[in-house]
Amino acid sequence: MAIVFALMLTGIARAQDTKLTVMVFQGMQNLPLFAAQSKGFFARHGLAIDVRITPTSEEMRAGLADGRWQIIHTAVDNGLAMADVGKVDIAIVSGGDNSFNRLIVQPDINTLADLRGKTVIVDALDTAYALQLYEILKRNGLDKGDYNVKSVGATFRRLANMEEDKSSKASMLNPPFSLRAVRSGMKEMGSVAKMLGPYQATGTVVLRSWAQGNADVLVRYMQAYIEGLRWSLDPKNKDEAINLLADGLKLSQDVASATYSIAVDPVEGLAKDAKLDMEGLGNVLKLRADWTGVAPGAPDKYLDLSYYQKALSGL
């Protein structure tokens, strides 16, 4: 019995030693990660998670491709770019949200037409939220050559740039950065959900080869993540979840509370159980075709939801 017990302890320790490096963009979409870490869901599934904040989408994609991190939570468009441009065999394994993006402009911009001849800022020039911005401006009468585009990096960098350089006139920002921008005097011109319709933004992306070789680890990760998401959306955890946002994103309580309200919105909030929005993915693929000139494949080319389905069935 002593030997059996010792072997059991060894097995538990080995499971707990499963380490993963996960890269994310800074923002409210990380609430399930904050919850899964603080409530011990990752530890309960035998995982030790090192969460890194990405400076730019290029660095995020490069690090996944060369194995510096095993999992990224990112706009799925970044995964599509890896597959179609970088020729990296990725798999999108879950959804997450519709980006929560708002088009934020400087105080002197009254209509989108005022952006003619001005500078707008993006993360990367040809992926994800940059394409959202181009499409919104096109629908409001501005073609690509009617304004200047500058690549700055992740959302927190774009907000800082707009605060410091008033010639940076517009960008797509999500909470809490969009909330902070408006409180500083900038203007919100509308949400992506209302201006473009369904959009599959944040999803979980991995290398297909890594997923195949670490299927059990990925399933356990997805289970812990979904548990963190369910905990976050449960009304009885509201106050604690707001505190997690405040601590994790260095927010005041009022901004954290406003951010939480967006996260739990039944229509535009975090997707239940991180379900992937197929209509939203279809719109992402169309934007890529329209703005990059690269004809994407069918959705199945990029998806492998088998790990997600197995995780869900085990909860």
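The residues in the stretch 55-64 that are open to solvent by 40 Å² or more (accessible area, probe 1.4 Å) and either in a strand (DSSP E or B) or touching a residue at least 60 places away in the same chain (Cβ under 8 Å) (or both) can be counted, and the count is 1.
Restricting attention to the stretch 160-173, the residues that are free of Cβ contacts under 8 Å to residues at least 40 places away in the same chain and within 21 Å of the chain's Cα centre (by Cα) total 1. The criterion of being more than 18 Å from the chain's Cα centre (by Cα) and open to solvent by less than 20 Å² (accessible area, probe 1.4 Å) holds for VAL255. Kindly evaluate ARG52 against the criterion of being open to solvent by 10 Å² or more (accessible area, probe 1.4 Å) and in a strand (DSSP E or B). Judged against the criteria, ARG52 is a match.
Filtering the stretch 30-44 to residues that are open to solvent by less than 30 Å² (accessible area, probe 1.4 Å) and in a loop (DSSP other than H, G, I, E, B) leaves only GLY40. Note on the stretch 120-138: residues that are assigned to a loop (DSSP other than H, G, I, E, B), more than 19 Å from PHE177 (Cβ to Cβ) and among the acidic types (Asp, Glu) amount to 1.
Exactly one residue out of GLY141, GLY67, GLY117, GLY153 is touching a residue at least 12 places away in the same chain (Cβ under 8 Å), outside any helix (DSSP H, G or I) and touching a Ser or Thr at 6+ places or on another chain (Cβ under 6 Å): that is GLY153.
Scanning the stretch 269-303 for residues that are surrounded by fewer than 17 Cβ atoms within 10 Å (Cβ to Cβ) and assigned to a loop (DSSP other than H, G, I, E, B) gives LYS275, GLY293, VAL294, ALA295, GLY297, ALA298.
All conditions but one from (1) surrounded by fewer than 24 Cβ atoms within 10 Å (Cβ to Cβ); (2) part of a strand (DSSP E or B); (3) not β-branched (Val, Ile, Thr) apply to LEU103; the one that does not is (1). Quick check: is even one residue across the stretch 225-242 closer than 15 Å to TYR308 by Cα, at pLDDT 95 or above, in contact with a strand residue (DSSP E or B) (Cβ under 9 Å, 6 or more places away or on another chain) and open to solvent by less than 40 Å² (accessible area, probe 1.4 Å)? Yes - at least one qualifying residue is present in the stretch 225-242. Looking across the stretch 269-315, the residues that are basic (Lys, Arg) and closer than 27 Å to LYS87 by Cβ come down to LYS286, ARG288, LYS301. Look at (1) closer than 24 Å to LYS301 by Cβ; (2) open to solvent by 10 Å² or more (accessible area, probe 1.4 Å) and you find that ASN140 fails only one, number (1).
For the stretch 164-217, a tally of residues being part of a helix (DSSP H, G or I) and either open to solvent by 10 Å² or more (accessible area, probe 1.4 Å) or not aliphatic (A, V, I, L, M) (or both) returns 18.
Here THR155 meets the list (1) at pLDDT 95 or above; (2) under 24 Å from GLN26 (Cα atoms) almost entirely, failing just condition (1). Among the residues making up the stretch 54-71, a single one is under 15 Å from TYR307 (Cβ atoms) and under 15 Å from the mean Cα position of the chain (by Cα): ILE71. Please specify each residue of the stretch 19-29 satisfying the condition of being open to solvent by less than 10 Å² (accessible area, probe 1.4 Å) and within 17 Å of the chain's Cα centre (by Cα). Of everything in the stretch 19-29, those that are open to solvent by less than 10 Å² (accessible area, probe 1.4 Å) and within 17 Å of the chain's Cα centre (by Cα) turn out to be VAL22, MET23, VAL24, GLY27, MET28.
The values are calculated or read from the model by the stated rules, or taken from the named source; none is laboratory data. Because the structure is predicted, anything quoted here is derived from the model rather than measured. Methodologically, a virtual Cβ is constructed for each residue, glycine included, from the backbone with ideal geometry; neighbour enumeration extends over all protein chains shown. For accessibility, only protein heavy atoms count, side chains too; no ligands or nucleic acids. Shrake-Rupley method; radii C 1.70, N 1.55, O 1.52, S 1.80 Å.
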